[in-house]
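The values are calculated or read from the model by the stated rules, or taken from the named source; none is laboratory data. As the structure is a prediction and not an experimental result, all values here were calculated from the model. Methodologically, a virtual Cβ is constructed for each residue, glycine included, from the backbone with ideal geometry; neighbour enumeration extends over all protein chains shown. Please note that ligands, DNA and RNA were not included when accessible areas were found on the heavy atoms of the full protein model with its side chains. Shrake-Rupley method; radii C 1.70, N 1.55, O 1.52, S 1.80 Å.
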Amino acid sequence: MLAVKDLSKVYNDGKEIAVKALKEVSFTIEDGEMVAIMGPSGSGKSTLMHLIGCLDQPTSGEYLLDNEDVSLANEKQLAVIRNKRIGFVFQQFNLLPRRSILHNVEVPLIYAGVGRKERRVKAKDVLEKVGLGHRLDHYPNEISGGQKQRVAIARALANNPSLILADEPTGNLDSETENEIIDIFHDLNEQGHTIVLVTHSKKVGHSAKRILHLLDGELVEDEVVA
Amino acid sequence: MIFEIIIIALNSLKANKLRTFLSMLGIIIGVGAVIAIVSIGTGTQQRITARISNLGSNLINIRRGYRWGRSGVSSTATNVFTLEMAEYIEKSCPDVKVVLPNNQGSGLLIKGENNIQATVVGTEAAYQEIYDYYPRQGKFIGPDDLKEANNIIVLGSELVNELSPDSNPLGKSIKFNYQNRTLLFTVVGVMEDKSTGGPVGDLNSQAYIPSTTYMNKLANSNYVSGFTAQARSSEVASEAVDQIEYFLIKAIGDKDGFHIMSQDQILDTINDVTNSMTLMLGGIAAISLLVGGIGIMNIMLVSVTERTKEVGIRKALGAKKKDILTQFLIESLALSGIGGVLGIGLGYIGAYLIAQFAGWPFVVSNLSVIVAFSFSLLIGIFFGIYPAMKAAALDPVDALSYE
């Protein structure tokens, strides 16, 4: 379960005028949900994603992840949370370019301290799940955008996290590939993974069961998709 | 996990081979230079030591002292340096085997149409034993020659090559021109080949005449410039020095009138000099190691900036500060370590080639290898820590959005 309460983020960078990127946002996402966070540019959805993803810390407010207040965690604890409980999928794929696909998927397992053999087995396993079991030794520049995003999803799944956080996951893909990726998220959701999609694409947003609409740093609508 | 991080670091270095090599170059040259220079120092030292030891053993050199007086050399000191004093010391000091007067002067040796500038040494039979140096042809100066101040001369091997390369020089006449005096000598012997160095000069290009002949007929003086004594054994060398010193102080009155130095002391002095030279040059070479370290730091800083995105990705995937720090530190350590190993190779090759070229023994001291290598590792850590800390401190959000 993921719960944010009065979550705010203020950027002031030493300047006189502080920018309130997020204003006292509160919501709860239950385990097994598939939720989209939508809003135009500058609505604060990236900031919210960084906070949910434990990449950044809120100025004020509470963030409970599996009933643990994460907003009080230190840097090292945040790294562990990112490693074990959150799987990231980025718009830019963010694969390590000079490493094989298999190694890319192994990276979170390395930082989790998983041994070499077990790591290999787990990485192969998740790559098969996304339909790339035959491409283990390829390099990111040898595969298509859709395949890259599948590798990224496999990487996000490697440590079997409770939350998968995708930031514009289809932003760099054509519509056909977009559908494939959305299908994968649906499959994962059916298997019980909690999925949060951050997007400004209506199509992606409506693939979720629930949409949180953000505008100017405020939560303006909590829509349930029929 | 540290093993995994090492692999990650080494892979990054492998990905950019030319840059990796270039950034190592400073360390390679630095380590190589330190090892080669120390080896050259040791080689030179061994050669000089060998040559001085080759001169003879347990030698003690005594010469007149200089005072800051009007005449330079004090008269009392000069009076003491006589043939009689040599004999007296030889008889009185129990640990001294033999004492030779030293006389030598430089002049022109003339034979027929050939002539050569040479040093003529006035000496006696004991010279052969002291310097372990014997005639290969004819004979050396005998007791009768000394008593009668005969005009005989024994030539060094090099002089024969110059003056009469083709014919047998024995029995031939040779002229020696010294300070406007010309004396006619008969060649009675030719010395064997003996290469030496250091304070005595090249024995091969000297000629030898009886010391009486030298003093009475050439220099017209009753005094010699110094003595060369030989101790009975190396164990008693310092006792012999003390005994000679005792007699000389008694005869002269004070310690400033003469200088005494044993072969060991000469060797010590020379070793001191070569050691400090080696240390100085090695230190200069070590500065290039430092410069190499700055090169590594430069490359690591560039690398951190270039790989900001990678750091962001790794942090998002759960890398801790410590993991990133270790990764970059291992990279710079590997740069300096591999550079150090290559530098050791370069040092060995350089030292070997120079030793071959200069003809001295090829010696690489283990200490210089260990010191140079450890120093290069230290430099890797020292100059790698700042870039690594910079990478580790990157904010994950900023790093991820870096393009």
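Annotations for the structure displayed:
- Top-ranked residue in the stretch A:78-89 [being buried (at least 22 other Cβ atoms within 10 Å of the Cβ) and not in a helix (DSSP H, G or I); ranked as nearest to the other protein chains (Cβ to nearest Cβ)]: A:Phe88
- Of the set (1) of a type in the set (S, T, N, Q); (2) under 25 Å from A:Val224 (Cβ atoms); (3) facing another protein chain (nearest Cβ under 10 Å); (4) without any contact (Cβ under 8 Å) to a residue 40 or more places away in the chain, all apply to A:Ser46 but (4).
Residue-by-condition table, conditions (1) among the small types (Gly, Ala, Ser); (2) farther than 30 Å from A:Asp183 by Cα:
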{"residue": "A:Ile17", "(1), (2)": "no, yes"}
{"residue": "A:Glu24", "(1), (2)": "no, yes"}
{"residue": "A:Asp31", "(1), (2)": "no, no"}
{"residue": "A:Ser43", "(1), (2)": "yes, no"}
{"residue": "A:Ile52", "(1), (2)": "no, no"}
{"residue": "A:Leu55", "(1), (2)": "no, no"}
{"residue": "A:Ser60", "(1), (2)": "yes, yes"}
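- Residues (part of a helix (DSSP H, G or I), open to solvent by 20 Å² or more (accessible area, probe 1.4 Å) and touching a Pro at 6+ places or on another chain (Cβ under 9 Å)) located in the stretch B:233-256: B:Glu239, B:Gln243
- Filter result for A:Arg98 (open to solvent by 30 Å² or more (accessible area, probe 1.4 Å), at the interface with chain B (Cβ under 9 Å from one of its Cβ atoms) and either part of a helix (DSSP H, G or I) or in contact (Cβ under 8 Å) with a residue 12 or more places away in the chain (or both)): yes
- B:Gly318 being of a type outside the set (Asp, Glu), free of Cβ contacts under 8 Å to residues at least 60 places away in the same chain, crowded, with 21+ Cβ neighbours inside 10 Å and within 14 Å of chain A (Cβ to nearest Cβ): yes
- Residue in the stretch B:297-307 that is touching a residue at least 40 places away in the same chain (Cβ under 8 Å), of a type in the set (Ser, Thr, Tyr) and in a helix (DSSP H, G or I) present: yes
- Selection over the stretch B:257-295 of residues that are of a type in the set (Gly, Ala, Ser) and open to solvent by 80 Å² or more (accessible area, probe 1.4 Å) gives a count of 0.
- Any chance A:Arg119 is more than 7 Å from every other protein chain (Cβ to nearest Cβ) and either under 20 Å from B:Asn11 (Cα atoms) or in a strand (DSSP E or B) (or both): yes
- Conditions (1) open to solvent by less than 60 Å² (accessible area, probe 1.4 Å); (2) within 30 Å of A:Lys45 (Cα to Cα); (3) out of contact with any Gly (no Cβ under 9 Å at 6 or more places or on another chain); number of the one not met by B:Pro387: (2)
- Whichever residue in the stretch A:50-77 is part of a helix (DSSP H, G or I) and at the interface with chain B (Cβ under 9 Å from one of its Cβ atoms) and, among such residues, is surrounded by the most Cβ atoms within 10 Å (Cβ to Cβ): A:His50
- A:Leu55 in contact with a strand residue (DSSP E or B) (Cβ under 9 Å, 6 or more places away or on another chain) and within 15 Å of B:Asp395 (Cα to Cα): yes
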